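Let me begin by presenting the structure, written as structure tokens, before commenting on it.
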Amino acid sequence: MSKLINQRIIIALFILVILYVYNKNQQLSLSNISELIPENEEEVVIYSRDWCSYCKQAKNYFRRNKIKFTEYDIDKDANAKIRYNKMNATGVPIIIANNKIIMGFSINQFREIYP
């Protein structure tokens, strides 16, 4: 009996995780990316925070590779925070390039959207 209950709990948790991931992806894909990038900005936009080590890695990578970017610190810029919230994001950095959004930073992931 308890084995059956444990299996049902595991299945229910699995379904909840799937729904959460699906819903999060839907929210991001439904976002109008052009609303998240103010006009006349560079090709790459990064939403960041001063204390974020991944944000620093991303910005250093952009500088080393002479990639022009615009940074929005969501702790210092109220309008940037509003745009960030529209993405339903839960962390930084958020990087937008070529009409695609990536959360976090890895060189390989960035190269996939910005070759």
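No lab work stands behind these numbers, since they all come straight from the coordinates. Treat the numbers as computed from the prediction; the structure is a model and nothing was measured. Here Cβ is always computed from backbone atoms with ideal geometry, including for glycine, and neighbour counts include all displayed protein chains.
Across q = 0.12, 0.13, 0.17 Å⁻¹, the range 33-113 modelled as identical point scatterers on its alpha-carbon atoms has Debye log10 I(q)/I(0) values of -0.28, -0.33, -0.59, in the order of the q list.
Backbone amide hydrogens, once placed in the peptide plane, bring Y72 within less than 5 Å of I46, Y47, S48, excluding anything fewer than 5 places away on its chain. For the range 61-67, 3J(HN,Hα) computed residue by residue from phi via the Karplus equation (6.51, -1.76, 1.60; θ = phi - 60°) reads 4, 4, 5, 4, 9, 6, 9 Hz, glycine and proline entered as x.
Net charge around C55, counting only other residues with Cβ within less than 12 Å of its Cβ (Lys, Arg = +1; Asp, Glu = -1)? Once positives and negatives cancel, what remains is -1. By the rule of a C-alpha distance below 23 Å, with chain neighbours fewer than 8 residues away ignored, the lysines paired with K59 are K68, K76, K81, K86, K100.
Descending by average beta-carbon neighbour count within 10 Å, the peptides 79-87, 63-71, 44-52 line up as 44-52, 79-87, 63-71, the highest first.
Volume of the convex hull of the range 69-115 (Cα atoms only), normalised per residue: 80 Å³. Nearest 0.05, what FRET efficiency do N98 and Y61 give at R0 = 22 Å with Cβ-Cβ as r? Here the calculated transfer efficiency is 0.85.
Approximating the spin labels as points 7 Å out from Cα along Cα→Cβ, the N88-to-I15 distance works out to 2.0 nm. Rounded to the nearest Hz, the phi-derived 3J(HN,Hα) couplings of the range 96-113 under the Karplus curve 6.51 cos²θ - 1.76 cosθ + 1.60 (θ = phi - 60°) are 10, 8, 6, 6, 10, 10, 10, 9, x, 8, 9, 4, 4, 5, 5, 5, 5, 9, where x marks glycine and proline.
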